[in-house]
Each structure stands twice: as structure tokens, then as C-alpha cells.
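These notes are about the structure you will find just below.
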Amino acid sequence: MTSFTLRSASPAKTKADAVVVGVVQSSPTGRRSAKESGPHLDLAPGAEDVAKAYGRKLRPLLASLDVKGTVGEVTRIPTSGAIGAPMLVLVGLGNDPQPADLRRAAGAAARAVTNAANVAVALPAEAPEQVRAVAEGWALGAYTFTTYKQDTTPDDTTAGEVVLLSGAARKKEVVTALEEAQVVTRAVAATRDWVNTPPGDLRPPAFAESAQTRAKELGKGRGAPKITLRVLDEAELAALGCGGILGVGAGSSAPPRLVEITYAPKGATTHLALVGKGITFDSGGLSIKPAQGMHEMKSDMAGAAAVIQATFAIAELGLPVKVSCFAPMAENMVSGDATRPGDILTMYGGKTVEVLNTDAEGRLVLGDALVRAVETEPDLIVDVATLTGAMVVALGNKMAGVMGSEEVVAKVLDAGASAGEPIWAMPIPEEMKQRVTSSKIADLAQHDWVRWGGGLFAGAFLREFTDGRPWAHLDIAGPSYNAGGPDGHLTNGGTGFAVATLVDLARGLA
Ligand code: BES
Ligand code: MN
Ligand code: ZN
């Protein structure tokens, strides 16, 4: 794992193997002649003395390399002694770079710097938000998952030592921002690891055990955060009457689990409950999915992974907020014991649900867990789930949808904005309530065959288990997994989406 340090040194004089600087596009000004083509480029704040070292040669050099300055564009230049480091890495920041642009750019730069043991990063880093964005972007862009590769020679990993150059390197807020960014990125990386792990190696018992192992590690040593983690097994779930979790897990030879974590620091005034969908593999069950893309359903536990890791990060940061975390884990499989369409499940708390499509399993495990959460009497509940393809159709695969109580939705939107995770508010129209309560033989219908608004129907279904408490549901079916190539701080596979947002949500409540 990469180590980060802060220093207020000069990027032109530093002896690192490579120096990273930003390129910004300045907006057209009156000074520009009409003949000039292409964007007007400058080195970004932080790189002043590198610009000075190149002097008037800089612009022609950028032009000859066809540098455009778009966010995440990377150009490498051997410096031939122009500055202290042998390699200059230019990364585009667009015009007027915001923290989200810095995060993307740093992620792209991290992957471009391959044969350097140590790197000095001189991107804009005066404000704590900027330091945070650069550190997070770099660490996450450099993420790799090599557990299942035989050949992991060191040269396909990125720089081990990163020095962030900042004029504010000694400011307390900046030092803290870097420390906190590292806690968050470790949690995001751990979330990605869980999501990327093959589903046969992370069935519910293994997933629960892995969470428990991490909780024990975290609780060790002096000054360690006080967290308790309990794993409920299938017998305990049966005793409680968690019909949703048991019903979904019935077709698997690996029994379901419910992981419950509590972090209750002294002096907490707000109590946040987090609930995450933990389907370790979603075959669809008897309402089986098509073969194409089914392997990606190993990521159907991304919500559980995110809430667990966010809870750990909140505890590590020592935020003064009580957190109760609930992660129902089940494998949705096909067998002679699998739940059938037409079956009725009695959920924890007693509501009955008519199952009409075994592929709408997430809402079933979440229903039980939401009722468990409600029992702890939290001030607000946020659930996170790879719940519906309909949300991906609506918002694409980079943005999550959020719905529920107005005030909680607003808090989640704010947290997403400061964490740099795109989230869009969705409604729960009145008609959904009727559809959800339309079963002729049970309290609730888990599904109907009207496709329209499928993501909103799911939200309305979940709301039935919240007992009117302040609640928001975050559907991360799109952004939790990146089936394509790396893009900024996102790498292929699990993205760890929602971890940073949840940590910022807790920060906002503190
Ligand atoms: N896990 C899926 C949702 C999903 C789809 C996640 C695409 C990630 C990417 C969920 O369990 C599911 O199968 N949902 C169904 C619901 C339907 C049967 C009402 C869907 O979206 O098709
Ligand atoms: Mn499903
Ligand atoms: Zn699912």
C-alpha cells in the first residue's frame, strides 16, 4: 500500500523519481488573438516553480505534445535536467478544478506513474478538501486486485511513496485531511476487495467471518475504537423469525447470516442506522437471470460491504455519532429447497410478503434488517443496496438514486456532494403504495409485472419496514461496479461507492 507524506518543498527542486503537476485550461480572455487555436494552458497552482524552470519553453512544449488539459489527461515528459526529478507528469484538470476533478485526475496520474519508487505530487493542495481529493484519488486510482493472479511482479504496481507537496503542509486541518483520507480509502479499498472476490469464495458465512476478523483487528490496541460485532447464524435467524433473509437463502447450501455492528462512542448525540444488501451471489433464484453478465452478480453484496466498511471508518475516525449497522447476507440460488414464486414469507416483525419473482430478493433481506434497525430506535436510517436494474436504466451506471424522507434524502445528497459521489433524488409516487399493498393473499406484494418505475416500487416496498422513521434508500446498482476500464479514481470491478458518502454523512451529523 502506498504511503503518503506532506511536505512544503519545491516541486522543481525535489529529488523524487517523478513529479506530478496539473495543467489547467484558462477560460478565453480578451487578450487572446483570434488566430490562436486550442485551449490556453497553464500549470496549475502548486507548480509555479516548475513553470518558472521551463519558462517560455513551456507553452510550445505543451503544444507539441498536443496537451489539451482535459480532466485526467496524462502526459509524461523526460525533464533532461530542467527540474530536479527526471520525469515530469502532467495531468489535466480542466478549467477551474473542483475537488471532484482533482480526485479523478490524481487517480489517472497514479496509474500513469509506474516505474517510480517515489513520486512528488504538486497538484493544487492548499485547502484541506483539495488534499483530501488528491490523496483519495491517488490511492483509489492505484488500487489493484491481484489476489488471484500468479504473476504480480512489483513493476505493475504503482509508486510506494507519495509526497504531497503543499504550501499548507504544516496546517493542522491539512494534516488531518490527509489522515482522514487514508482511513476512508482503506475502507473503500476493502469494500472493493470484498466485491471483487469470487462469489464462491465469499459466501455468507465467509463474508460474515471476514467482517468479524476486521472488527477484531480494529478493536486491538490502546485507544482503539469500541465496536461490537455480532453474527447471527441461520438458527438464530429462525428463532427471530427473519423470514426474508431465510427465504432468500433457502436455495443455497451456504446458510445466510446477519451481521450487526454497533459503534457507540461517549458523547454521541445522534444515532445513525445503516443497512446494506449482502447478496453474495444473485443468480435470480428460480426466476433465474440470463447467462450474460450473471458473473457480475458477485457484486450484489456491495451495499453490505459499503455499510460495514463505512461503520469501521467512522469508528476509526472516532466520529461522535452512534452507528448501528445491519448487513443481511444470503446467496440467491436455485435448488429443490429454493423459495418459489407464489410462496409467502413472514418477515421479522410479522408482516407477510407474497414472493412473485425470486430475483427481487434484495428487498426481502432488507425488510428484515430494516425492522431490526428500527428496533434500535435510531434518529435516521440509511439503507444501501444494489437493488434494481431499473435505477441503472434511469440514471446510468455512474450515479446512485436516493429516495425516502425528505430531510434524510437532503443529508445524503449533501454528503454525496462533499464525498464526490454522484447521487440523484428520486420520488416514491403515491401509486407505488397501492402496488406494494396489492397482494390478494399477503400483507405485501414483493413484485408486480408492471416494469415502469421498478426502482421506485422497490423503495416503496422498503418503506413499509421503516415504521415511519426518518429514512433514505440509496440504490447503487449502477455505480457500485465498473465493468469497463479504469476511469479516474475508479478501477475495474468494485468501486466502493457509498463508503465516502456515508462517512461524510456521519461527519455532518457529528
Ligand atoms: N441485484 C439485482 C439488481 C441489479 C441489476 C444490480 C443490475 C446490479 C446491476 C436485483 O436483485 C434484481 O435482480 N432486480 C430485479 C428486480 C425485478 C425482478 C423486479 C431487476 O432489476 O431486474
Ligand atoms: Mn435479483
Ligand atoms: Zn440482487
Does V353 satisfy being surrounded by 24 or more Cβ atoms within 10 Å (Cβ to Cβ), within 16 Å of ligand 2 (Cβ to nearest atom), over 19 Å from the mean Cα position of the chain (by Cα) and under 28 Å from A190 (Cβ atoms)?
no
The conditions are (1) open to solvent by 10 Å² or more (accessible area, probe 1.4 Å); (2) in contact with a helix residue (DSSP H, G or I) (Cβ under 8 Å, 6 or more places away or on another chain); (3) closer than 30 Å to V131 by Cα, and G389 fails exactly one of them. Which is it?
(3)
Unmet criterion (only one of (1) free of Cβ contacts under 8 Å to residues at least 40 places away in the same chain; (2) over 22 Å from the mean Cα position of the chain (by Cα); (3) under 26 Å from D504 (Cβ atoms)) for V91:
(1)
Show me the helices (runs of 4 or more DSSP H) found entirely inside the stretch 302-410 where at least 2 residues are within 16 Å of ligand 3 (Cβ to nearest atom) and in contact with a Lys or Arg (Cβ under 7 Å, 6 or more places away or on another chain).
302-317, 362-375
Does the stretch 177-195 contain any residue that is touching a Ser or Thr at 6+ places or on another chain (Cβ under 6 Å) and more than 17 Å from G46 (Cα to Cα)?
yes
Sort through A187, A168, A159, A224 and tell me the only one that's within 19 Å of the chain's Cα centre (by Cα) and either surrounded by fewer than 16 Cβ atoms within 10 Å (Cβ to Cβ) or not hydroxyl-bearing (S, T, Y) (or both).
A187
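Residues of the stretch 324-350 being among the charged types (D, E, K, R) and in contact with a Phe, Trp or Tyr (Cβ under 7 Å, 6 or more places away or on another chain), which ones?
Passing the criteria: only E331.
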Restricting the stretch 269-303 to residues that are of a type in the set (S, T, N, Q) and crowded, with 24+ Cβ neighbours inside 10 Å, the one nearest to N332 (Cα to Cα) turns out to be T280
Which of the numbered conditions does E375 fail, given that it passes all the others? Conditions: (1) in contact (Cβ under 8 Å) with a residue 40 or more places away in the chain; (2) open to solvent by 10 Å² or more (accessible area, probe 1.4 Å); (3) within 20 Å of I308 (Cβ to Cβ).
(1)
Could you check the stretch 421-477 and list, in sequence order, the residues that are aromatic (F, W, Y), part of a loop (DSSP other than H, G, I, E, B) and open to solvent by 20 Å² or more (accessible area, probe 1.4 Å)?
W449, W452
Residue identified as at pLDDT 95 or above and touching a strand residue (DSSP E or B) at 6+ places or on another chain (Cβ under 7 Å) among G55, G22:
G22
Identify, by number, the condition in (1) free of Cβ contacts under 8 Å to residues at least 12 places away in the same chain; (2) crowded, with 18+ Cβ neighbours inside 10 Å that V503 doesn't meet.
(1)
Looking for something open to solvent by 40 Å² or more (accessible area, probe 1.4 Å), assigned by TED's automatic domain parsing to the domain that holds E354 and within 20 Å of L366 (Cα to Cα) - is there at least one such residue anywhere in the stretch 412-420?
no
Output the qualifying pairs, or none if there are none: Cβ atoms under 9 angstrom, residues six or more apart or on different chains, first residue in the stretch 280-301 and among the hydroxyl-bearing types (S, T, Y), second residue open to solvent by 30 Å² or more (accessible area, probe 1.4 Å) and within 10 Å of ligand 2 (Cβ to nearest atom).
S283/K289; S283/M297; S283/D359; S287/D359
Might you let me know whether the stretch 106-126 holds any residue that is open to solvent by 30 Å² or more (accessible area, probe 1.4 Å), farther than 17 Å from A419 by Cβ, among the small types (G, A, S) and not assigned by TED's automatic domain parsing to the domain that holds V499?
yes
When restricted to T339, T346, T311, T269, the only residue over 17 Å from L232 (Cα atoms), within 16 Å of ligand 1 (Cβ to nearest atom) and β-branched (V, I, T) is T339
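Got a sec? Which of A264, A306, A315 is open to solvent by 40 Å² or more (accessible area, probe 1.4 Å), of a type in the set (A, V, I, L, M) and more than 16 Å from ligand 2 (Cβ to nearest atom)?
Just a single option satisfies the conditions, and that option is A264.
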Selection from the stretch 267-301 of residues part of a loop (DSSP other than H, G, I, E, B), away from ligand 2 (no atom under 12 Å from the Cβ) and among the β-branched types (V, I, T) yields T269, T270
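The values are calculated or read from the model by the stated rules, or taken from the named source; none is laboratory data. None of the values given here were measured: they were computed from a predicted structure. Heads up, the Cβs are rebuilt from the backbone with ideal geometry, glycines too, and the neighbour counts pull from every protein chain shown. To get the accessible areas, we keep the full protein, side chains included, count just its heavy atoms, and leave off ligands, DNA and RNA. Shrake-Rupley method; radii C 1.70, N 1.55, O 1.52, S 1.80 Å.
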